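For reference, the structure is listed below as structure tokens.
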Number of protein chains: 2
Amino acid sequence: MAANGRPGRSASVKDVAALAHVSLGTVSNVLNRPDRVSAATRERVERAMTALGFVRNESARQLRTGLSSTLAYVMLDAGNPFFTDVARGIETAAEQHDLTVVLCNSDNRADRERSHLAMLEERRFRGVLVTPVDPDSPLLEQIAGRGTPVVIVDRTRDDDRFCSVAVDDVLGGRTAVEHLVDRGHRRVAFLGGPDNIGQVRDRLQGARDAWAEAGLPPDDLTVLRTDSLDVASGREAAERLLGQPSSRRPTAAFCINDLVALGVLQQTMRAGVSVPDDLALVGYDDIAFAAAAAVPLSSVRQPRELLGARAAALALAESEDRDHRHQQLLFTPELVARASSLG
Amino acid sequence: MAANGRPGRSASVKDVAALAHVSLGTVSNVLNRPDRVSAATRERVERAMTALGFVRNESARQLRTGLSSTLAYVMLDAGNPFFTDVARGIETAAEQHDLTVVLCNSDNRADRERSHLAMLEERRFRGVLVTPVDPDSPLLEQIAGRGTPVVIVDRTRDDDRFCSVAVDDVLGGRTAVEHLVDRGHRRVAFLGGPDNIGQVRDRLQGARDAWAEAGLPPDDLTVLRTDSLDVASGREAAERLLGQPSSRRPTAAFCINDLVALGVLQQTMRAGVSVPDDLALVGYDDIAFAAAAAVPLSSVRQPRELLGARAAALALAESEDRDHRHQQLLFTPELVARASSLG
DNA sequence: CTCGTTGCGTGAAACGTTTCATAATGTGAG
DNA sequence: CTCACATTATGAAACGTTTCACGCAACGAG
């Protein structure tokens, strides 16, 4: 317990061995295969360890064994509760396998994503999970090429060079719009963008599929583009929406995610327009703030924690299996109907 | 560029040296002191490096040099936007010094905090920033004792054994209540808990100070305890508040943070009680969702990103200065008045 | 008494880097 | 032509672990 005050070099196995009058190898055995050591010496070594405040140097260990016991998740935006929930799922799964998880936030910036991936590659983690800003970054293949499992989270790629977990966004879009059509809406707006995000395209696709199958005129499903996926974009889009003459204005809006939907909700209430009577609203993700909104928000729920948990499991499996086959998991979203779309 | 397909051991300096027909040391010089190497050989070595897909092994480097270039932030709750904003501040500051940051989420659990700290100690990071679940954890002193700078973020400790950054919570509580008194409120509720959190005690203390200085009867500042600091607790506390006969009911509530305030707001609107006319509301933290609420929320803003940035700077300074004196930084909160407290 | 076995402990080698003292070569001054 | 000196490159040592092939006793069986 003697937390040696001097900031000098901290104790190594060598120091412990000297103090306990045993060899290096024995100390290592106490650490890694305690059963191969007699009770008496084990105890002596352990006493020496606490006396010196010995803490194993993970760099040396990893250098020698080539093994790491930590997983990394490079998240797209730590400020979006969706991703922190995914992270929670990863952590829970990792915990069950005695792995620790570190989080890296690329904050929607490709350069920061690059620097994180480069750092992770140099450190040879057990596995790298990533929701990429740039799904085509060569660094991803490079890391995988070095033997580190890479799992793509919440994004799809056309190839099968990585494991991935994602949610069926086409189906999610379809589900949302089917719900609105069921509730009797005949003029609906899709609020989302930018278009270069695959999920935006997929959800819109699903929305259009449902609309067409209901036999409704394509022009009555209007699309309002947003610049990004946050609350401010929602407010801004709502202004455009509410600017339309109420005779032609959509009676419902399907928003690309809950942040946008919350922005719309706020702007709508401010304008004295009633939700859901004058405008029904469906969001996407079902983050905790959705249920807690002024008018509880209907939303297409993604199994966020499950997504993370399965991603972690895939990385682990890949790191253990000698000959591993990549898997692409696709989960099913589920509509949670609340007051914002129920009359 | 030849991303060697074989998953076998990846290239080392030795391999590069062999391919470039130079010695180990020269490769290392190319990496670390390129000016000490002639242009011709440097280029030859660099070609060999890309040909082999060489990536420096950080474990070996760190083992040899004892230096690390990454900072860790152990955050209390990644789901609370307050902490992700602090993290953003850390990342921005770190980036300017070419350090990378990893985030660890203790998710309000002491055991997870312990396992993260243990992992960080074994990895000998450049610095450890932490908003502790348990500010008295012996692991903190242990890590610091080993020579790793430890900075306590958004918590205060009585001693000066660490650097710390925090915000003056007594002043914050005082500011909130002064504002409400100024607006004419004579019956006010404080919503917050549990009491074992220092910040809860401090903000309540400030609230009471302001109340007393205004010469108002102590009993008219009522305290409603909450079990935690989330939206659900806010809803629950609001129910208790609204259950009181309106003649005696407080006309304003000061909430321990914005999540609680959002819960109160939601429950209040649902009950048909008007904010701010029937109940004024002030939150704390000024997270992004506060301004975006159905009724924009007044809040006591903490300089979140600044907090993070200064914490990172302190860690860095401590890691560089030979003889370093710990500093305790205390920032000043600032009231942001919005519709929820303005008639 | 001998021999295989079992239980414990040993010490050297290896992981991939950086550093440092030293060697080899070229250059310009005297 | 020699000497001092700068410029480059070299190779061994070291960082702190883990592993592995061996010793060494003690022991029970034959």
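Note on B:225-238: average number of Cβ atoms from other chains within 10 Å of each residue's Cβ is 1.
Output the relative contact order of chain A, whole-number percent, from Cα pairs under 8 angstrom with separation of 6+ residues. Kindly include the intermediate steps, with their values, before the conclusion.
Details: 646 pairs, mean separation 58.0, N = 343.
Once divided by the residue count of chain A, the mean separation gives 17 percent.
Starting from a Cα-only point model with no solvent, please compute log10 I(q)/I(0) by Debye for region B:13-56 at q = 0.20 1/Å. Log10 of I(q)/I(0), two decimals: -0.48. Electrostatic tally near A:Cys163: other residues with Cβ closer than 15 Å to its Cβ, Lys and Arg +1, Asp and Glu -1, net -3.
When you look at the Cβ of every residue in A:51-64, what mean number of other chain Cβ atoms sits within 10 Å?
Details: counts 0, 0, 3, 0, 7, 3, 8, 9, 14, 6, 3, 8, 8, 2.
Neighbouring Cβ atoms belonging to other protein chains average 5 per residue here.
Inter-copy label distances at B:Ser246, shortest first and taken from points set 7 Å along Cα to Cβ: 2.8 nm. What the phi angles of region B:147-154 give under the Karplus curve with 6.51, -1.76 and 1.60, with θ = phi - 60°, is a coupling list of x, 8, x, 10, 10, 8, 10, 6 Hz, glycine and proline written as x.
Relative to the compact-globule estimate of 2.2 N^0.38 Å, the Cα radius of gyration of chain B comes out at 1.30.
Mind putting a number on the dipole of region B:175-253 about its Cα centre? Charges go on the C-beta only, +1 for Lys and Arg and -1 for Asp and Glu, and I need it in Debye to the nearest 20. Present the calculation step by step, with values, prior to reporting the outcome.
On the way: 11 positive and 12 negative charges, 56 e Å.
The dipole magnitude comes to about 260 debye.
Rolling a 1.4 angstrom probe over the protein heavy atoms with all chains in place gives the protein assembly as shown an accessible area of 43 Å² per residue.
Of the residues B:Ala110, A:Gln328, A:Pro149, the one whose Cα sits farthest toward the positive end of the charge dipole of the protein assembly as shown, with +1 on the Cβ of Lys and Arg and -1 on the Cβ of Asp and Glu, is A:Pro149. Expressed as a whole percent, the accessible surface of chain B that belongs to carbon and sulfur atoms is 48, based on a 1.4 Å probe. What does the copy distance list look like for B:Ala110, label position 7 Å along Cα→Cβ, in nm and ordered from shortest? Reported distances to equivalent positions: 4.8 nm. Shielding by partners for peptide A:254-265, expressed as the average number of C-beta atoms from other protein chains within 10 Å of each residue's C-beta, is 1.
Could you tell me the total accessible area buried at the B-A interface, probe 1.4 Å, in square angstrom to the nearest hundred?
On the way: alone 17210 and 17190 Å², together 29630 Å².
Using a 1.4 Å probe on protein heavy atoms, the buried area is about 4800 Å².
Explain nothing, just the number: dipole magnitude of chain A about its Cα centre with +1 on each Lys and Arg Cβ and -1 on each Asp and Glu Cβ, in debye rounded to the nearest 20.
In total the dipole reaches around 1280 debye.
Taken about its Cα centre, region B:13-56 carries a charge dipole of roughly 80 debye when the Cβ of each Lys and Arg holds +1 and the Cβ of each Asp and Glu holds -1. The stretch between B:Ala337 and B:Ala232, if pulled fully straight at 0.36 nm per residue, gains 35.4 nm over its current Cα-Cα span.
With its label point defined 7 Å out from Cα along the Cα-to-Cβ axis, B:Val223 lies at 5.7 nm from the matching points of the other copies, in increasing order. Interface burial in region A:77-102 reaches 20 Å² or more for A:Ala78, A:Gly79, A:Thr84, A:Arg88, A:Glu91, A:Glu95, A:Thr100, A:Val101, A:Val102, comparing the full protein assembly with the chain by itself; accessible area from heavy atoms with a 1.4 Å probe.
Contact with the other protein chains removes 50 Å² or more of accessible area, compared with the isolated chain and a 1.4 Å probe, from these residues of region B:280-295: B:Phe289, B:Ala292, B:Ala294. In region A:112-155, burial by the other protein chains removes 20 Å² or more of 1.4 Å probe accessible surface, compared with the chain on its own, from A:Arg112, A:His116, A:Met119, A:Glu122, A:Arg123, A:Arg124, A:Gly145, A:Arg146.
The values are calculated or read from the model by the stated rules, or taken from the named source; none is laboratory data. The model shown is predicted, which means the values in this text are computed figures rather than measured ones. Cβ sites come from the backbone with ideal geometry, for glycine too, and all protein chains shown count toward neighbours. Please note that ligands, DNA and RNA were not included when accessible areas were found on the heavy atoms of the full protein model with its side chains. Shrake-Rupley method; radii C 1.70, N 1.55, O 1.52, S 1.80 Å.
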